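What follows is a short report on a single structure.
The values are calculated or read from the model by the stated rules, or taken from the named source; none is laboratory data. A quick note: this is a predicted structure, and the numbers were derived from the prediction, not measured. Here Cβ is always computed from backbone atoms with ideal geometry, including for glycine, and neighbour counts include all displayed protein chains.
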Amino acid sequence: MELLPRHFCHDDRRLLQAWRRVARAAGMRLSELPKSKGSNAQPIIWLESSAVNPGVAVRYLSAGVHGDEPAAAWGLLGWAEQHVERLRHQPIILFPCLNPEGLRANNRLDVRGQDLNRCFHQARHPVCSRWRRVLADRRLSLAICLHEDYDAQGCYVYELQRRADAHWGAALLAQAATQDLPVDPRREIDGMRAQKGVIQRHRVPTHLPGLPEAIVLHQLGCEVSLTFETPSEFSLDHRVAAQARFIEAAMQRQDEEESA
Ligand SMILES: [Zn+2]
């Protein structure tokens, strides 16, 4: 993957241009959510592959919910540029950057000063309500939500599985991690028990002030919801590459699941 010049990493316009190229190359339909009033940022876009048909189980990918986590957005783009054939032939819906104002300003919060990842349950939220409309009535097989974490000491994954016997996290991390960007060794992450970088849940936690994307996707019936995090203090290039490796590892795991 090409190295990403540091001064590009909050350039939402450049990111959008690159996604327009990907959409053309992969024959994906690109749509825009209506822009918020007075926004100078690029629109929130979403892409849908031509293999998405009614009743078909869809794979969902997203990045850029938090604007100060650039490797997630660029890692998703890097993965897409390398896997145009997947995007052409598999049923995939993706949101490349759900908070372009935040990315542009290097700000975790959205243009309203809110943490978008605590708003996905809100029926009247200007972004989340439209997001939900895109996903309503879809059958979701896999969701990958991409993030970064300033406290992280390596990469980790938060895994929400509907099947009690399914454990993907450790194998996926083994493929995403490298010597330069290892698995997060902490035993507790964000107040949750972690084992070798994996936080696993089969039920939704009840104590949260608002709902993150991955939990709402789980509630919408998604079989496997993965939130992948790279450590913000590590090299940008290593983080971008780890994001792309994680996505491809999860896609391959889902391929195996579907061919079994
Ligand atoms: Zn985040």
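Just to be sure, is Leu98 within 15 Å of the chain's Cα centre (by Cα), of a type outside the set (Gly, Ala, Ser), within 12 Å of the ligand (Cβ to nearest atom) and part of a loop (DSSP other than H, G, I, E, B)? Talk me through it step by step, then tell me what you get.
On the way: within 15 Å of the chain's Cα centre (by Cα): yes; of a type outside the set (Gly, Ala, Ser): yes; within 12 Å of the ligand (Cβ to nearest atom): yes; part of a loop (DSSP other than H, G, I, E, B): yes.
Yes.
With respect to being among the hydroxyl-bearing types (Ser, Thr, Tyr) and buried (at least 23 other Cβ atoms within 10 Å of the Cβ), Tyr150 falls outside the description.
Restricting to region 112-156, what's the tally of residues that are of a type in the set (Ser, Thr, Tyr), at pLDDT 95 or above and either assigned to a helix (DSSP H, G or I) or more than 16 Å from the ligand (Cβ to nearest atom) (or both)? Explain how you work it out, then say what you get.
Residues of region 112-156 that are of a type in the set (Ser, Thr, Tyr), as a first pass: 129, 141, 150, 156.
Pick out the ones that are also at pLDDT 95 or above and you get 141, 150, 156.
Filter again for either assigned to a helix (DSSP H, G or I) or more than 16 Å from the ligand (Cβ to nearest atom) (or both), leaving 141.
Summing the residues that are of a type in the set (Ser, Thr, Tyr), at pLDDT 95 or above and either assigned to a helix (DSSP H, G or I) or more than 16 Å from the ligand (Cβ to nearest atom) (or both) in region 112-156 gives 1.
Taking the listed residues Leu16, Leu87, Leu30, Leu47, the one that is in a strand (DSSP E or B) and either in contact with a His (Cβ under 9 Å, 6 or more places away or on another chain) or crowded, with 18+ Cβ neighbours inside 10 Å (or both) is Leu47, with no other qualifying.
Go through region 45-89 and count every residue that is within 16 Å of the ligand (Cβ to nearest atom) and within 15 Å of Ala23 (Cβ to Cβ).
The initial filter retains those residues of region 45-89 that are within 16 Å of the ligand (Cβ to nearest atom), namely 61-76.
Checking the rest, the ones that are also within 15 Å of Ala23 (Cβ to Cβ) come to 61, 76.
The qualifying residues number 2.
Checking every residue in region 53-74 against the condition of being without any contact (Cβ under 8 Å) to a residue 60 or more places away in the chain, part of a strand (DSSP E or B) and not charged (D, E, K, R) gives zero matches. Comparison of Ala41, Ala23, Ala80, Ala63 shows that the only residue that is closer than 24 Å to Phe8 by Cα and either in contact with an Asp or Glu (Cβ under 6 Å, 6 or more places away or on another chain) or among the acidic types (Asp, Glu) (or both) is Ala41.
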